[in-house]
Structure formats: structure tokens, C-alpha cells
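Have a look at the structure below, then the notes.
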Amino acid sequence: MGVTMKGPCERPGENEDQREEVIAPAGCFAGVPEADKDSEADSDSDLETEGIHGLREPIRDALHVGSCRAYSIVPTMYFLNQGCAPELKLRHRGLGPQGAWALASMLTSNPYIKRLDLQDNGLCAAGAEALAYVLSKNSSICDVDLSENQIGVAGAQALCAALKVNQAVQKIQLAGNSLEEKAAQYLAELLLVHTGLKSLDVSYNQLNDQAGETLGPALAENTGLTELNISWNHLRGPGAIVFARGLEANIFLKVLDISFNGFGDSGASAVGEALKANNVLEELNMSNNRISAMGARHLGLGLRVNQTLRILV
């Protein structure tokens, strides 16, 4: 999909009125030609039965084309041809923020899509806000991949706020999105309230030791997450220790990847202590963490006591 915009991460130029018009509920037929409006006016009973979730494909396609026209972008044929497929996979298409807002008008009322994959589309914060709007309204989407989109702290804030409202999403991938220390607060708040979230991937970001201190207590209190990938970040020092203490108290997490973080010997010792108490974790990857023989020994002491871990990297 081609996109007309000034910069890779600039917000769309439309005002709020235009945005609301384009993302109006599908029942309003925003962007549908007049002939389609007239023909559908005689089918109110059908629409009452189907609701906006049962929009027929010609209407859905017209809505998508109208949205794309409003944002001066080219409609994606993949979307138009997918019908009732449960997955929308649009990787590496250069959607940008405008493309995200154009998709939002249809995704909010689509009952078929369960998995949304928009990896590497230059969505940035504005595009993440568009998807946050979708996730706050759509209760069918349960698996979301927004990796490599540079959504930043503002994008993470919008998404976490939406997921706290609508807890249908069970898996979300936010790898490679320039998430820094401030984003950890929004992620922590999400972990405390979203008990339906089972899998979270925040790898390849810039979450530092302060982020570890924020996420640790949230991990301790979380009562739903079973898989967490926080590899390729900067959890080290006190942050690594506090994070490990969160693991010690957690009673749901089964798979944890903390590789490439620089935990060091102190972090490895804290993980060893956590393994003495944790009786749920089954897989742990903590490779490439600057652990010496001393740190490995303390980790081993925890392994001697632990009864559930099956895989250790």
C-alpha cells in the first residue's frame, strides 16, 4: 500500500472531525457511494439481524476504499480479497500512520479477524493510536503483532490504555518499538489489570534497569501471563534483581526469555533465589547475560531445589 506523507513518523494531517467521519460506525456507511446507500436503505431488517458485524463484502469493500480515499492512499487488495479469513497479515507494506487509520474504520466492526499482523509498517505513535482505537472497540481480535513499528512511549501508552478497556487480546508482540523506561510504567499497569493476557513480547527495545524495577512488582502480582519475552533489552544491576524477585512471587509464568540483558552475577544469583521458590516456570532462557562461574554457581543452587524447570538456556 502506498502512502503519501511528509515523514516516516509524522502524524496524519487530518483533523479530529475528519478522523471521526472516516472511522464512523460501519452502519453509517462512511465513504459508500450514494447508490449503495439507497440500496441498503431497503434492507434495514437484514442489518438489524446482522448488525455492523455482519456487513456484506461489497459494503465492507466500499467502506475500505472510501477510507483509503479520505487518507489519499491506495487500497490494499489483500484486505479486499481476504473475505472472512481469521488472519490479516500485512507485513512490510509501508502502511504508515495514515494506512493504519484507514484500516481502523473496517477493523473496528470486523468479527472475523482473530489475528492481526502488521509487523514492520512504520506505524509510529500515530499508527499505534489508530490500532488502539480498534482494540478498544473490537472484541474478536485476540492476537496482535505490531513488532518493528517504532511506536515509542506514546504508542505504548495508547495501546495499554485500550487493552485495559477491552481485554479480549491474549497475545501481543511489541518487539523492536523503541520502548524505553517510561513505557515500562504503562506495561506494568497493563500486567496488573489484564488477567486475560497470556503472551507478551517486548524484546529488542531499550527497557533499562529502572524499567526492571517497575516491571518486577507487576510481574509478581500478575495473574494471567504464561509467556514473556523481554530479551535484548538493558535489564541489569538493581533492575535485574528486582525483576527476578518478581519472578520469585509469580505463580503463572511458564516461559521466560531474559537473554541478552546483562543480568550479570548479581542478577543470576537473584534468579537462582527465585527458582528456589517458583514452582511454575518450565522454560528459561538467560543466555548472553555476562554470567561468570560465580553467578552460574548461585544459579545452580536454585536449580537443585526447583522442581518444574524443564529447559534452561
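Calculate the tail of P(r) for the range 216-306: the fraction of all Cα-Cα distances greater than 23 Å, expressed in %.
10
Ordered from highest to lowest accessible area with the whole protein assembly present and a 1.4 Å probe, 195, 214 read as 195, 214.
Ranking 252, 243 by solvent-accessible area of protein heavy atoms (1.4 Å probe, all protein chains present), from largest to smallest, gives 252, 243.
Geometric descriptor of the range 86-312, per residue, is 95 Å³ (volume of the convex hull of the Cα atoms). Accessible-area rank, largest first, for 112, 204, 133: 204, 112, 133, with all protein chains present and a 1.4 angstrom probe.
Could you tally the net charge around residue 163, taking each other residue with its Cβ under 15 Å from the Cβ of residue 163, Lys/Arg +1 and Asp/Glu -1?
-1
So, with a 1.4 angstrom probe, what is the percent of accessible area on the range 86-312 that is carbon and sulfur? It is 50 percent, rounded to a whole number. With contacts taken as Cα pairs under 8 Å at a separation of at least 6 residues, the range 86-312 carries a relative contact order of 12 percent.
Could you work out the local net charge near residue 115, counting Lys and Arg as +1, Asp and Glu as -1, over the other residues with Cβ closer than 15 Å to its Cβ?
Counting the neighbours of residue 115, the net charge comes to 0.
Which entries in 114/198; 137/254; 171/276 show an alpha-carbon gap greater than 24 Å? From the list (114/198; 137/254; 171/276), the Cα-Cα distance tops 24 Å for 137/254; 171/276.
For residue 283, the shell of other residues with beta-carbons less than 15 Å away shows a net charge of -1, using +1 for Lys and Arg and -1 for Asp and Glu.
A simple rule links phi to the HN-Hα coupling: the Karplus curve 6.51 cos²θ - 1.76 cosθ + 1.60 with θ = phi - 60°, which for the range 268-274 gives 5, 5, 5, 5, x, 5, 5 Hz, with x for Gly and Pro.
Solvent-accessible surface of the range 86-312, averaged per residue with a 1.4 angstrom probe and all protein chains in place: 37 square angstrom.
The values are calculated or read from the model by the stated rules, or taken from the named source; none is laboratory data. No experiment lies behind these values; they were computed from the predicted model shown. Note that each Cβ is placed from the backbone with ideal geometry, even for glycine, and that neighbours are counted across all protein chains shown. These accessible areas exclude ligands, DNA and RNA; they are computed on the full protein's heavy atoms, side chains included. Shrake-Rupley method; radii C 1.70, N 1.55, O 1.52, S 1.80 Å.
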